[in-house]
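Beneath this line is the structure, given in structure tokens, with notes to follow.
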Amino acid sequence: MKLNGCGCTFEINRTVVAVEVKNSGKVRPEDLRGLKKFGEDFPESSRWLIYRGKDRLLIDGILCVPCEEFLLQLKPNVFPV
């Protein structure tokens with residue numbers, strides 16, 4: 001599985017998770033392009049965009065999460081929700 005751009009995919013408890021990280025304070029439509037395409041190929045996947053903004057957003061089925069919030073939720077062997 002491959003994302004177009006900088007990203008990675010994981011399989012966690014039989015769920016495919018795609019994560020892309022952007023060095024931007026705002027989510028732009030072009031930032032979501034690779035994750036949208038990935039969702040077309042793997043509609044059952046969970047898709048995350050990590051960015052430098054302050055707001056948690058859900059755009060076209062993609063969870064956009066501020067980097068600080070994402071990092072504070074990290075725990076060994078558990079993917080943040």
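Let a ≥ b ≥ c be the square roots of the eigenvalues of the Cα gyration tensor of segment 7-72; is it rounded (a/c under 1.5), or, if not, prolate (a/b larger than b/c) or oblate?
Numbers: a/c = 2.07, a/b = 1.37, b/c = 1.50.
The shape class here is oblate.
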Aspartates and glutamates within cross-link reach of residue 75: Cα-Cα under 18 Å, excluding same-chain residues under 8 positions apart? 11
Burial ordering of 54, 22, fewest other beta-carbon atoms within 10 Å first: 54, 22
Would you work out the charge dipole size for segment 7-72 about its Cα centre, treating the Cβ of every Lys and Arg as +1 and the Cβ of every Asp and Glu as -1, and quote it to the nearest 20 debye? 200 debye
Can you put 70, 38 in order of Cβ neighbours within 10 angstrom, beginning with the fewest? 70, 38
Would you order 75, 26 from fewest to most other beta-carbon atoms within 10 Å of each residue's own beta-carbon? 75, 26
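Only the coordinates and a few stated rules stand behind these numbers; no lab work does. Quantities reported herein were computed from a predicted structural model and do not represent experimental measurements. We place every Cβ from the backbone using ideal geometry, glycine too, and count neighbours over all the protein chains shown.
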